[in-house]
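Asker: Okay, here's the structure, questions in a sec.
Taken together, the values in this text are just the output of simple stated rules run on the coordinates, not laboratory data. Note that this is a predicted model, so its numbers are computed, not measured. Please note: Cβ atoms are built from the backbone with ideal geometry, for glycine as well, and neighbour counts cover all protein chains shown.
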Amino acid sequence: MEGKVLKDEVSFKLEGIKLIGVVKAVYTGKLKGDTIEFKVQAERNGKKIQAGPGFKAKRVATDIDVGK
């Protein structure tokens with residue numbers, strides 16, 4: 001897995017070997033308030049394929065202190 005964050009943009013790449021061949025997916029997202037809106041681009045064996053729909057990741061308020 002490879003990824004980066006630059007200001008309000010985030011991206012990462014995933015690659016896996018499946019029975020149908022090598023599948024790669026690139027996720028790109030932009031932070032808007034408490035939500036990151038992602039788009040997905042995918043390819044199989046070097047050819048672009050239909051990727052799933054984009055999705056949103058929303059920050060959830062919590063009172064858990066992960067530093068403890």
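Asker: Which value, in debye to the nearest 20, gives the size of the charge dipole of the chain about its Cα centre, when Lys and Arg are +1 and Asp and Glu are -1 at the Cβ? Intermediate values should be presented prior to the final figure.
Answerer: Numbers: 15 positive and 9 negative charges, 64 e Å.
About 300 debye.
Asker: Here's something else I'd like to know. Past the 21 Å Cα-Cα mark, which pairs from Lys13/Lys39; Lys18/Lys56; Lys7/Lys39; Lys7/Lys47; Lys4/Lys30? Write down the numbers at each step before the final one.
Answerer: Details: Lys13/Lys39 12 Å; Lys18/Lys56 26 Å; Lys7/Lys39 17 Å; Lys7/Lys47 31 Å; Lys4/Lys30 12 Å.
Beyond 21 Å: Lys18/Lys56; Lys7/Lys47.
Asker: Another question about this same structure. Taking only the Cα atoms of the chain, how large is their convex hull per residue, in Å³? Don't skip to the end; give the middle numbers.
Answerer: Details: hull volume 9.3 nm³, N = 68.
Once divided by residue count, the hull of the chain is 136 Å³.
Asker: Placing +1 on the Cβ of each Lys and Arg and -1 on the Cβ of each Asp and Glu in the chain, which of Gly52, Phe12, Thr35 has its Cα farthest towards the positive end of the resulting dipole?
Answerer: Most positive-ward Cα: Gly52.
Asker: By how many nm would the segment from Lys48 to Val26 grow when fully extended, if each residue of separation counts as 0.36 nm and the alpha-carbon distance is taken off? Before the final figure, lay out the partial values.
Answerer: Working: separation 22, 0.36 × 22 = 7.92 nm, distance 1.12 nm.
The Lys48-Val26 span can extend by a further 6.8 nm.
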